[in-house]
1. Quickly run through region 154-168 and pick out the residues that are at pLDDT 90 or above and part of a strand (DSSP E or B).
2. What are the residues in region 152-172 that are touching a residue at least 12 places away in the same chain (Cβ under 8 Å) and either open to solvent by 40 Å² or more (accessible area, probe 1.4 Å) or among the charged types (D, E, K, R) (or both), if any?
3. From GLN418, GLN450, GLN445, GLN431, grab the single residue that is at pLDDT below 85 and open to solvent by 20 Å² or more (accessible area, probe 1.4 Å).
4. Give the residues of region 374-398 that are modelled with pLDDT of 85 or more and assigned to a loop (DSSP other than H, G, I, E, B), sorted by residue number.
5. From the residues in region 485-510 that are of a type in the set (Val, Ile, Thr) and at pLDDT below 90, which one is nearest to PHE398 (Cα to Cα)?
6. For region 98-105, check the following and say yes or no: at least one residue is at pLDDT 75 or above, open to solvent by less than 10 Å² (accessible area, probe 1.4 Å) and either part of a helix (DSSP H, G or I) or farther than 26 Å from GLY376 by Cα (or both).
7. Determine if region 336-347 includes at least one residue that is touching a strand residue (DSSP E or B) at 6+ places or on another chain (Cβ under 9 Å), modelled with pLDDT under 90, assigned to a loop (DSSP other than H, G, I, E, B) and under 26 Å from TYR80 (Cβ atoms).
8. Within region 173-184, how many residues turn out to be surrounded by fewer than 17 Cβ atoms within 10 Å (Cβ to Cβ) and in contact (Cβ under 8 Å) with a residue 24 or more places away in the chain?
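The values are calculated or read from the model by the stated rules, or taken from the named source; none is laboratory data. Because the structure is predicted, anything quoted here is derived from the model rather than measured. Neighbour counts run over all protein chains shown; Cβ positions are idealised from the backbone, glycine included. The accessibility values were calculated without ligands, DNA or RNA, using every heavy atom of the protein model including side chains. Shrake-Rupley method; radii C 1.70, N 1.55, O 1.52, S 1.80 Å.
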Amino acid sequence: MSSEASEILRRRTFAIISHPDAGKTTLTEKLLLYGGAIHVAGAVKSNKIRKTATSDWMEIEKQRGISVATSVMGFEYEGYKINILDTPGHQDFAEDTFRTLTAVDSVIIVIDAAKGVETQTRRLMQVCRMRKTPVMVFVNKMDREGKDPFELLDEIESELGINVTPLSWPINSGQRFKGVYNIFQHTLDLYQPDKTHVTESMRYDDVNNTEIDSLIGQQDAEKLRQDLELITEVYPAFSVDDTAEYLQGDLAPVFFGSALNTFGVRELLECFVRIAPSPRPVMTEEREVHPDEEQFTGFVFKIHANMDPNHRSCIAFVKVCSGKFMRNVYYKHVRLNQNMRFSAPTAFMAQKKETVDEAYAGDIVGLPDTGNFKIGDTLTGGEVLHFKGLPSFSPEMFKYIENADPMKQKQLDKGVNQLMDEGVAQLFVNQVTGRKIIGTVGQLQFEVIQYRLEHEYNARCKWEPLQMYKACWIEKDPDSPQEAEEELRLFKTRKTQYLAYDKEGRDVFLADSAYLLQMAQNDYKHIRFHFTSEF
């Protein structure tokens, strides 16, 4: 096997997703702890000596204690190269998470043992199902009072529409939580709450071993044996040799633990590196791209402004889909039809960056961006390819953005443009008045934009309310060009005050009620109304 092929096979690129507060960022951090990428975990919650989660590095994230941007981290573990993408859980930032899911080969879903499956998890699972992404589940916070584990498994199956099989099993929960039995490796892990170190496992190939009774008590040992017997009868068996169902996204292995107390995380990680897929083929509009192809291909799935506040720089995150990316080599930027080379490509450990000379399929590379990139852009060794599936969704909340400091118009314009390139929100310009409108999926994004404009660009903005139902992209129906041309002209004349341009200069219809939108769709049969920007 060539060295490049073996490099690709040892890659594991995955996202951690969940509802807010299920413990996603804490789990990310504990995985980094095992990989030796960090040596002491920063408790995410606000405390007297304020340590902050490694992956939450934006100032506003530290203040709020939530993740508002996807962060990328890479580390080595037992011969595997692991790339984690920690995503925002808050629904206002769902779009960032949807786009991130296009760049990963598998997913770990974190579920709170007390709350069970929550709305945001359901929505994200739909995206995983659509893309047939393999999923593993980590039931977190077992050291707190929560639902019965069998009840949780039923809920995961019915709510997320996926078959499950537990690969570890908890012994009680809450204050009586004694540990987990690892079904996958036949080991017993006794619970010792420790936020910074790792507990040892004891191997028991036979669960009837009486030593278990002396360790956890006869009553709990008996219950564990009964539970394990029930599991073998009810849930499908799982082996490393037969992971087909998991890889097709039909079966989710489930682990139990407490991320905050570094418990049950290693079991998850060890199973994950063995069964999770290495980089998979990716569809483009032209053809399927395979990771082991010789030519480099990759696409931009995220842009982040101001990773370093001292240098007003943007970074474009590129997922390498095939071949080997090399520093200082010319690659084709397909949309611009230009060849570009990058002298300082970076790999990430949250905010810490290091320059890399090469990256393989599955890796995430950060490229310094001076305005050349947009989300969805393709880089190749020369071939013209277009990667699919990175839409912008129609926003649901709208506000006029106004300059609060006339001396800082230039800074405001630059800040707004860079933040919109990131995909944080969408910018529309009214075709009549020229006023700028920001559209978002949730209220919190307006606060983040205002905060970042002030702290990263030294520009102040104020918001003015705007009652708007939906923004939709409009285009002529290609099947009946003559009628469509006439209808579009008529539509634009009659609806002038409701029309705006998006960042690409495309026509957008701003409907101020569901009724108006429906009427427009009925009256103008030869115009197509789109609710995502990818059409």
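1. If the condition is that a residue be at pLDDT 90 or above and part of a strand (DSSP E or B), then ASN163, VAL164, THR165, PRO166 are the ones that fit.
2. Scanning region 152-172 gives GLU155, GLU159, GLY161, ASN163.
3. Testing whether each residue is at pLDDT below 85 and open to solvent by 20 Å² or more (accessible area, probe 1.4 Å) leaves just GLN418.
4. Residues satisfying the conditions are ASP377, GLY381, GLY382, GLU383, VAL384, LEU385, HIS386.
5. Per the stated criteria, the residue is THR496.
6. Yes: one or more hits.
7. Yes: region 336-347 contains one or more residues that are touching a strand residue (DSSP E or B) at 6+ places or on another chain (Cβ under 9 Å), modelled with pLDDT under 90, assigned to a loop (DSSP other than H, G, I, E, B) and under 26 Å from TYR80 (Cβ atoms).
8. Final tally of qualifying residues: 2.
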